[in-house]
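Asker: Got a structure for you, written out below as structure tokens; questions coming shortly.
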Ligand code: SAM
């Protein structure tokens with residue numbers, strides 16, 4: 001039996017160390033080895049890659065990642081109570097397991113060798129913020145992450161994957177799909193976690209496109225999305241007031257009906273609007 005396989009169960013580990021979940025840190029643990037293996041499998045081949053896990057907690061998903069052929073597994077955990085358990089995991093796993101006690105919001109993931117794949121059951125309170133952070137890395141260089149397999153609250157996973165015409169479609173959908181191909185992998189009910197959260201969860205895998213869906217500066221697109229979806233009930237001709245001087249020609253050149261609301265415009269439509277905005281900035 002390998003050293004990893006000989007470790008006590010996660011439940012026994014949590015009980016032995018008195019690791020009660022902390023709500024403020026979004027702690028909902030996955031204790032079923034089949035579920036964590038399934039999540040790890042959505043990351044695809046890890047051979048030669050650095051697998052980066054945010055929030056290993058007691059280490060269920062971490063064990064599944066260590067069972068893979070990843071070149072190394074990096075685990076970044078904010079709660080120091082887990083360090084002892086993670087140190088025991090390191091004893092079994094050896095040098096290819098790296099633990100960093102830090103806040104993932106400020107930890108430099110690009111410091112670890114590429115190619116990198118992020119795999120995580122994210123703390124829900126900072127899940128969206130972390131994703132936006134990584135998408136900003138990808139906007140600068142699409143090669144920074146090969147993929148990101150992430151568990152979110154189901155409602156966030158639906159916003160990431162939504163297409164135009166849906167109530168979930170918004171800034172996050174356009175920004176994420178502009179930069180990445182996205183697959184909706186699986187859903188988990190609250191009862192799959194200990195303690196159970198109030199809502200269901202879902203795993204999505206985001207794979208950065210070599211080049212974004214359309215050429216645009218991130219800043220232009222962000223400005224456009226913030227205005228358009230900031231008042232999502234309004235027609236675009238009202239919502240975009242203030243950033244567009246000559247509205248009529250702007251919509252004509254973009255091929256967008258000004259009476260549409262933001263949620264009715266597909267991603268390519270936002271691309272055309274961003275291109276016209278940038279052209280005007282260049283000329284103006
Ligand atoms: N990976 C474990 C699992 O699947 O059972 C735990 C997942 S739990 C949803 C989220 C984990 O993220 C917790 O271990 C929590 O302490 C950790 N965490 C919360 N905020 C964090 C942050 N800002 N940086 C790093 N880890 C964080």
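Asker: Under the rule a/c < 1.5 gives rounded, and otherwise a/b versus b/c splits prolate from oblate, where does the range 128-197 land using the Cα gyration tensor?
Answerer: In terms of gyration-tensor shape, oblate.
Asker: Hey, another quick one. For residue 200 and residue 140 in one chain, what is 0.36 nm times their gap in residues minus the Cα-Cα distance, to one decimal in nm?
Answerer: 18.3 nm
Asker: Something else now. Can you give the direction-averaged projected area of the convex hull of the alpha-carbon atoms in the range 163-218, in nm²?
Answerer: 5.3
Asker: Using 20 Å as the cut-off for backbone N distance, which residues of the range 1-23 belong to the label zone defined by a point 7 Å from the Cα of residue 38 along Cα→Cβ?
Answerer: Residues passing the 20 Å test: 10-11.
Asker: Hey, what D do you get for the range 87-132 in µm²/s if you plug the Kirkwood alpha-carbon radius into Stokes-Einstein at 4 °C and 1.567 mPa s?
Answerer: The Stokes-Einstein estimate is 103 µm²/s.
Asker: While we're on this one: By its C-alpha gyration tensor, with a ≥ b ≥ c as the square roots of the eigenvalues, how is the range 159-284 shaped: rounded for a/c under 1.5, else prolate for a/b larger than b/c, else oblate?
Answerer: Prolate, because a/c is 1.5 or more and a/b exceeds b/c.
Asker: A further question on this structure: How compact is the range 115-159 by the rule of thumb for globular proteins, expressed as Cα Rg over 2.2 N^0.38 Å?
Answerer: Ratio of Cα Rg to 2.2 N^0.38 Å: 1.14.
Asker: Under 1.5 on a/c is rounded, so check that first for the range 1-53, then, if it is not, pick prolate when a/b is larger than b/c and oblate when it is not; a ≥ b ≥ c are the square roots of the alpha carbon gyration tensor eigenvalues.
Answerer: oblate
Asker: Still on this model: Taking the Cα centre of each part, how many Å lie between the range 128-173 and the range 189-226?
Answerer: About 2 Å separates the Cα centre of the range 128-173 from the one of the range 189-226.
Asker: Which residues does the label zone of residue 91 cover in the range 7-29, counting backbone N under 20 Å from a point 7 Å along Cα→Cβ?
Answerer: Inside the label zone: 7-19.
Asker: For the chain, compute the orientation-averaged projected area of the C-alpha convex hull (one quarter of its surface), in nm².
Answerer: 15.5
Asker: Where the centre of each part is set by its Cα atoms, how far does the range 24-63 sit from the range 108-126, in angstrom?
Answerer: 11
Asker: Where does the Debye-calculated log10 I(q)/I(0) of the range 1-93 sit at q = 0.14, 0.15 Å⁻¹, using only Cα point scatterers of equal weight, no solvent?
Answerer: For the requested q values the scattering log ratios are -0.48, -0.55.
Asker: For the residues 280, 49, 106, 159, what sequence is obtained by ranking on other C-beta atoms within 10 Å, fewest first?
Answerer: With the sparsest Cβ surroundings first, the list reads 106, 280, 159, 49.
Asker: What is the fewest-to-most order of 32, 246 by other Cβ atoms lying within 10 Å of their Cβ?
Answerer: Ordered from fewest to most neighbouring Cβ atoms within 10 Å, 32, 246 come out as 246, 32.
Asker: Treat the range 86-226 as a sphere of radius equal to its Kirkwood radius over Cα pairs and apply Stokes-Einstein at 20 °C in a medium of 1.002 mPa s; give the translational diffusion coefficient in µm²/s, rounded to a whole number.
Answerer: This corresponds to a translational diffusion coefficient of 131 µm²/s.
Asker: Calculate how many DSSP beta bridges within the chain are antiparallel, expressed in % of all such bridges and rounded to the nearest 5.
Answerer: So the antiparallel bridges in the chain amount to around 50 percent.
Asker: Summing -39500 (n - 2.57) over the DSSP H runs of n ≥ 4 in the chain and dividing by its residue number, what mean residue ellipticity at 222 nm do you reach, to the nearest 500 deg cm²/dmol?
Answerer: Estimated from H runs of four or more residues: -11500 deg cm²/dmol.
Values in this text are rule-based calculations from the coordinates and carry no lab data. Keep in mind it's a predicted model, so treat the numbers as computed, not measured. For neighbour counting, all protein chains shown are included, and Cβ atoms are generated from backbone atoms with ideal geometry for every residue, glycine included.
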